Amino acid sequence: MQKKHQKIELNQINMKNINNDKIKKLYLEYKEVVRYIIFGILTTVINFLLYFIFTRVFEITEVISSLLAWFGSVLFAYITNKLFVFENKANRNFIVEISLFFLARVGSGILCDVGTFAIMVNILHINDVLSKIVTQVMVVIVNYLFSKLIIFKK
């Protein structure tokens, strides 16, 4: 006998049954990942905003604007990852730490965003949009692992 699946409408959800303690517990359990995603989205927004400002307001060429926007957004990511995501208060050498962070971003960009993308598109002949989605997920995971295990290691 097959059960019929009912579609639940948003207005049918009883908000009283949602336990705030459960939500808080889930957030605390996955706080680092949730914050990483939130600040990752903000980093992307910063990148686009900086690109727009450099190209439209200051009339800098597209490639230079993209490089400056990347640098500014990675700097933003470093600060937010250190302070809010990994809550790293260690007094590590600032130059070493920020250099590692930037090198990790360059490395993941070359390895995943360019290298893996090129292999997927040119050798494996996988659709470019699908390849871009896969490589961007890889970049996020690799950057998270670099940050957690090496750069902001507790």
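Any read-out appearing in this document is the output of simple, stated calculations on the displayed coordinates, not a laboratory observation. Fair warning: this is a prediction, and the values are worked out from it, not measured in the lab. Here Cβ is always computed from backbone atoms with ideal geometry, including for glycine, and neighbour counts include all displayed protein chains.
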*What number, rounded to the nearest 500 deg cm²/dmol, is the helix-based mean residue ellipticity at 222 nm of the chain, given -39500 (n - 2.57) per DSSP H run of at least four residues and division by all its residues?*
-18500 deg cm²/dmol
*Magnitude of the charge dipole, the chain, Cβ model with Lys/Arg +1 and Asp/Glu -1, debye to 20*: 860
_Whole-angstrom Cα spans of the stretch 22-87 along principal axes, big to small_ = 50, 19, 14
*Out of every Cα pair in the chain, what percent are spaced more than 18 Å from each other?*
70
*With charges set only on the Cβ (+1 for Lys and Arg, -1 for Asp and Glu), what does the dipole of the stretch 91-154 come to about its Cα centre, in debye to the nearest 20?*
340
_Contour minus Cα-Cα distance for Glu62 and Ala90 (0.36 nm per residue)_ = 6.3 nm
_Mean Kyte-Doolittle hydropathy of 0.5 or higher plus an axial Cα length of 15 Å or more: which whole DSSP H helices in the chain meet both?_
31-52, 62-80, 94-108, 128-146
*Label zone at Ile141 (point 7 Å along Cα-to-Cβ), backbone N below 19 Å, the stretch 83-126*: 104-121, 124, 126
*With the dipole of the chain worked out from charges on the C-beta (+1 for Lys and Arg, -1 for Asp and Glu) around the Cα centre, which of Phe71, Val139, Ala90 lies farthest toward the positive end?*
Ala90
*State which stretch of the chain is the longest one without any exposed GluC sites (Glu not before Pro), exposure meaning a DSSP loop state and at most 16 other Cβ atoms within 10 Å.*
88-154
*Find how many whole Å separate the alpha carbon centroid of the stretch 75-154 from the alpha carbon centroid of the stretch 14-66.*
15
*Given the pairs Lys25/Lys148; Lys31/Lys89; Lys24/Lys148; Lys89/Lys132; Lys31/Lys153, which span a C-alpha to C-alpha distance of over 28 angstrom in this model?*
Lys89/Lys132
